[in-house]
Every structure is written in C-alpha cells, then in structure tokens.
Amino acid sequence: QVQLEESGGSLVQVGESLRLSCVYSEGNFRVLGWFRQAPGREREFVAAIINNNPRYADAVKGRFTLSRDRGKNMLYLQMNNQKPEDTAVYYCAAGNPILSTLERAASYHSWGQGTQVTVSS
C-alpha cells in the first residue's frame, strides 16, 4: 500500500485557477493519477502519469496540467479556467495500470482521502 494525502481544494469562481497537491509514500506503483467524484456520480479519471508521460481525460485536456516532483514525493494538478462541472472531490491514486486500463479506478490500489473543489458561477 501507498500512503497518499491530497491538499489544496477550495471554493473558486468560474474561470479561476487552483493547484492541488498530493504527497505520497514509497511503494509498489508505476502510475500516479487523479480522479474526481461529484455527488451522485461515479468516480472518474482526470489525469495520470505513465512512463513519464501525462495523460488527460478529454473533459480537462488543455485546462489541467499534471506534474510530479520525485525529489519531494509530490504530485500536482494545476487546474485553469475552471468550470462548474469541475466541482467534485478530487482523489490522488497510485497503482499499476497498463495504458488500456489507465482510466479505470479499479486499476489503482491506493487512494488518498480526497479534497473538495467547488467551482461557483
């Protein structure tokens, strides 16, 4: 198991930016990613780094940027031009998915507790 802890969630206005952070422990994983879950909806893929290449969900491509600081064991999600539909609890995750299973929550074995992001219009 990998220990993960998210921070940075907040209430923002439409069009504003926010950066989420995730600190993680060492462990058995090759992929780190972000998922989100809105009330009444299933947890959905946001972004992940696999083989040092970031991958994004279509809904956030061009607005969100994923980065990693290996020296500090930190994963970041920079969210720009936010929309009301970005409102959700955001989770950091670690696991060993392959490219074809990257967007499946079940492919990740460790999760943080989540951080709330609310985008108000």
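Annotations for the structure displayed:
- Of all residues in the range 93-103, those being open to solvent by less than 30 Å² (accessible area, probe 1.4 Å) and not small (Gly, Ala, Ser) number 3.
- Scanning the range 89-102 for residues that are touching a helix residue (DSSP H, G or I) at 6+ places or on another chain (Cβ under 7 Å), in contact (Cβ under 8 Å) with a residue 24 or more places away in the chain and not in a strand (DSSP E or B) yields a total of 1.
- Search result, residues across the range 22-40 that are open to solvent by less than 20 Å² (accessible area, probe 1.4 Å) and not hydrophobic (A, V, I, L, M, F, W, C): Tyr24, Gly33, Arg36
- The set of residues from the range 90-111 being in contact with an Asp or Glu (Cβ under 9 Å, 6 or more places away or on another chain) and within 17 Å of Phe64 (Cβ to Cβ) comprises Tyr90, Tyr91, Cys92, Glu103.
- At least 2 residues being within 17 Å of Asn96 (Cα to Cα) and aliphatic (A, V, I, L, M) is the threshold, and among the strands (runs of 3 or more DSSP E) wholly inside the range 12-75 those reaching it are 31-37, 44-50.
- Filtered residues of the range 104-118 (kept if of a type outside the set (Phe, Trp, Tyr) and crowded, with 17+ Cβ neighbours inside 10 Å): Ala105, Ser107, Ser110, Gly112, Gly114, Thr115, Val117
- Complete set of residues in the range 72-83 that are open to solvent by 60 Å² or more (accessible area, probe 1.4 Å) and out of contact with any Lys or Arg (no Cβ under 7 Å at 6 or more places or on another chain): Lys72, Lys83
- Close pairs (6 angstrom Cβ cut-off, 6 or more residues apart or separate chains): farther than 16 Å from Ile50 by Cβ in the range 103-114, at pLDDT 95 or above and not hydrophobic (A, V, I, L, M, F, W, C) anywhere: Trp111/Tyr91; Gly112/Glu5; Gly112/Glu6; Gly112/Tyr91; Gly114/Tyr91
- Residue in the range 10-18 that is of a type in the set (D, E, K, R), closer than 14 Å to Thr87 by Cα and surrounded by fewer than 12 Cβ atoms within 10 Å (Cβ to Cβ) present: no
- Enumeration of residues in the range 41-62 that are open to solvent by 20 Å² or more (accessible area, probe 1.4 Å) and either aromatic (Phe, Trp, Tyr) or under 13 Å from Glu85 (Cβ atoms) (or both): Arg41, Glu44, Tyr56, Asp58, Ala59
The values are calculated or read from the model by the stated rules, or taken from the named source; none is laboratory data. Since this is a predicted model, take the numbers as computed values, not measurements. Note that we place each Cβ from the backbone using ideal geometry, even for glycine, and neighbour counts take in every protein chain shown. The protein model used for the area step is the full one, side chains on, heavy atoms only, and it has no ligands, DNA or RNA in it. Shrake-Rupley method; radii C 1.70, N 1.55, O 1.52, S 1.80 Å.
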